[in-house]
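The values are calculated or read from the model by the stated rules, or taken from the named source; none is laboratory data. Remember, predicted model here, so these are calculated numbers, not experimental data. Neighbour counts are summed over all protein chains in view; Cβ atoms, including those assigned to glycine, are modelled from backbone coordinates with ideal geometry. These area figures cover heavy atoms from the full protein model, side chains too; ligands, DNA and RNA do not enter into them. Shrake-Rupley method; radii C 1.70, N 1.55, O 1.52, S 1.80 Å.
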Amino acid sequence: MKRYLLGETPGIDSWQMEDVPAPVLGAGEVRVEMRAWSLNHRDLMVAEGTYGGKRQPGLVPLSDGSGVVAEVGSGVTELQVGDRVATCFFRDWHEGDLTALKAKAARGGAIDGILSEQIVAPANSLVKAPSNLSFAEAATLPCAALTAWNALFDASQLKAGETVLVQGTGGVSIFALQLAKVAGARVIVTSSSDAKLSHAADLGADEGINYRDNPDWERAAFDLTRGIGVDLVLEVGGTDTLPRSMKAVRHAGRISIIGVLTGGQVQFPVGYVFSKNIRMTGIYVGSRSQFMAMNRAIEQADLHPVIDREFAFASAPLALKYMQAAEHVGKIVIVR
Ligand SMILES: NC(=O)c1ccc[n+]([C@@H]2O[C@H](COP(=O)([O-])OP(=O)(O)OC[C@H]3O[C@@H](n4cnc5c(N)ncnc54)[C@H](OP(=O)(O)O)[C@@H]3O)[C@@H](O)[C@H]2O)c1
């Protein structure tokens, strides 16, 4: 079977295809014939060697994918041959709080990922794919969708009628827009592009702010909330955005801290945190049980992920280049 691995030299061209024997199946494991994969910003950083931890040449990239169960090992009861499944970002975070041990087994980062024609994985590191989704759609869920779900509902307890601000139109933020609309929230989207804001409006965004034209976008967010501030910000920017998010949020509002697209070192006015009673919560994707809860909501709402472009498995490195170009809205997918 064919799979990709990270080559020795860091960079955008570092995914290399190789031919290897199919993996051996063990007790408690299933063999999955993979059908689709999706990319996250992290996969770019892992290839370039800018993601936390030491870059590991030989690592199989990607955390997110979907496929069909082709073989079941002894002791597996919850999955059968023919089931459609998606991979969990964390192999070992099944439920409850994140621990140092559970955080160690992050696919496509600390441990091998899944950009392979076949994988063998513990049955409890997979979930059944939502029945309303195609393989390509289901492959988009494990990291970006679950992060958005956790950031909105579990960590920050979003309520109907509240106002959420999401930054940019990438994978996490577009899922956050879609999920927040299903929950009856008002959504403000920021973007560098009017065309992307128009796309976000088509997906249900109530307001858009172009952060290139309005570098002080937090003021615009304040104006859009009659000088009160937004209830919740999903923070994916880091250095350039977190201090502004703290201004954009209302007193006793929440910020879910997710990403560092503009850098991870932040100078911010600590006084804002206590004087405004801001609640800031760090998000690291989510557990398998959160994934299953999200999938129930996706089926119930018949929500369909936004796929910007699909690439063939044989051309997977082109998908990474497309992500680097940052022209996408929503998710970039690889299919087979
Ligand atoms: N903590 C976690 O568990 C977790 C999980 C998933 C992702 N992340 C992190 O979250 C971030 C987003 O990931 P992703 O996979 O969704 O990325 P992505 O699909 O590559 O999206 C990137 C988008 O972010 C927007 N952006 C860039 N700079 C911005 C700025 N200064 N202000 C507002 N928006 C900006 C751009 O949108 P426009 O083109 O519209 O401007 C860009 O297209 C990354 O830092 C990633 O590592 C963290």
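Annotations for the structure displayed:
- Heavy-atom accessible surface of segment 170-225: percent carbon and sulfur, 1.4 Å: 46 percent
- Per residue, in Å², the accessible surface of segment 103-143 once ligands and nucleic acids are set aside, probe 1.4 Å: 26 Å²
- Within-13-Å neighbourhood charge of residue 165 [Cβ basis; K, R +1; D, E -1]: -1
- For segment 55-152: rounded, prolate or oblate by the Cα gyration tensor [a/c cutoff 1.5]: rounded
- The chain: relative contact order as a whole-number percent, Cα under 8 Å and 6+ apart: 18 percent
- Share of Cα-Cα pairs in segment 1-126 lying beyond 22 Å, as whole percent: 35 percent
- Between residue 304 and residue 159, the C-beta separation translates, for a Förster distance of 35 Å, into a calculated FRET efficiency of about 0.90.
- Theoretical FRET efficiency, 1/(1+(r/R0)^6), r = Cβ-Cβ of residue 195 and residue 223, R0 25 Å, to 0.05: 0.60
- The residues neighbouring residue 336, those whose beta-carbon lies less than 11 Å from its own, together hold a net charge of -1 under the Lys/Arg +1, Asp/Glu -1 convention.
- Sites residue 314 and residue 98 - FRET efficiency at Förster radius 25 Å, r taken between beta-carbons, to 0.05: 0.10
- Magnitude of the charge dipole, segment 78-142, Cβ model with Lys/Arg +1 and Asp/Glu -1, debye to 20: 100 debye
- Per residue, the Cα convex hull of segment 108-209 amounts to 142 Å³.
- Each principal axis of the Cα atoms in segment 212-328 has its own extent, and those three values, largest first, are 53, 34, 26 angstrom.
- Dipole check for the chain: with +1 at the C-beta of Lys and Arg, -1 at the C-beta of Asp and Glu, and the Cα centre as origin, the magnitude is about 640 Debye.
- Pairs from the table (247/321; 181/331; 104/159) lying more than 29 angstrom apart at Cα are 247/321; 104/159.
- Heavy-atom accessible surface of segment 1-57: percent carbon and sulfur, 1.4 Å: 53 percent
- Beta bridges from DSSP with both residues in the chain: antiparallel share about 50 percent, rounded to the nearest 5.
- Computed lengthening from residue 17 to residue 327, 0.36 nm per intervening residue step minus Cα-Cα distance: 109.1 nm
- Around residue 134: net Lys/Arg minus Asp/Glu count, Cβ-Cβ under 10 Å: +1
- Rolling a 1.4 Å probe over the heavy atoms of the protein chains gives segment 228-299 an accessible area of 44 Å² per residue.
- Kirkwood hydrodynamic radius (C-alpha pairs) into Stokes-Einstein, segment 146-262, 25 °C and 0.890 mPa s, D in µm²/s: 182 µm²/s
- A crude spin-label estimate for the pair residue 239 and residue 27, with each label 7 Å from Cα along the Cβ direction, gives 5.1 nm.
- Translational diffusion of the chain, µm² s⁻¹ [Kirkwood Rh, Cα pairs; Stokes-Einstein; 37 °C; 0.692 mPa s]: 162 µm²/s
- Positive-end ranking of 157, 173, 69 along the dipole of the chain, with charges on Cβ about the Cα centre, is headed by 157.
- Gained length - residue 77 relative to residue 292, 0.36 nm times residue gap less alpha-carbon distance: 75.7 nm
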